[in-house]
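Data first, discussion second: the structure below is written as structure tokens.
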Amino acid sequence: MDYKIFFTVFFSIFVAELGDKTQIATLLFASDKNISRGAVFLAASLALVAASAMAAWAGGIISQHVGEKTLVYIAGGGFIVIGVWTLIRAQPVIFVSPPATARAGERESRCLRSQGRF
């Protein structure tokens, strides 16, 4: 076994999963007094092992048909697209001008309502 690869993968996945939806869901299940923490740990661990096994299997299949360099470009492009999409969705509500016939008080009220503040 190549320990350098082992620890690279381990720490990459470990850091990526910290604070992730999976960890939060596990925390919520474990915080229920009526649910065994051991059962939550085993179920969450098996789910992560199954998901990782599927990813490793799919990666093996895909690597037989697509070159490594192409996969790196596809993965990088995918992360860029997700990042841009996240930035676009994070933009604040754009001010929509009320009709010119609206009075000053109505304009402010409509502006606040359109931003969800009123």
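The values are calculated or read from the model by the stated rules, or taken from the named source; none is laboratory data. None of these values were measured; they are calculated from a predicted model. Don't worry about glycine lacking a Cβ; one is built from the backbone with ideal geometry, like all the others, and counts go over all protein chains shown.
What to note about this one:
- Only one of Val49, Val84, Val72, Val66 that is farther than 23 Å from Glu17 by Cβ, of a type outside the set (Ser, Thr, Tyr), at pLDDT 90 or above and under 22 Å from the mean Cα position of the chain (by Cα): Val84
- Going through (1) modelled with pLDDT of 90 or more; (2) part of a helix (DSSP H, G or I) one by one, Asn34 falls short only on (2).
- Scan of the stretch 16-42 for residues that are under 13 Å from the mean Cα position of the chain (by Cα), closer than 18 Å to Ser52 by Cα and β-branched (Val, Ile, Thr), ordered by number: Thr22
- Exactly one residue out of Arg107, Arg103 is at pLDDT below 90, farther than 25 Å from Gln23 by Cα and surrounded by 10 or more Cβ atoms within 10 Å (Cβ to Cβ): that is Arg107.
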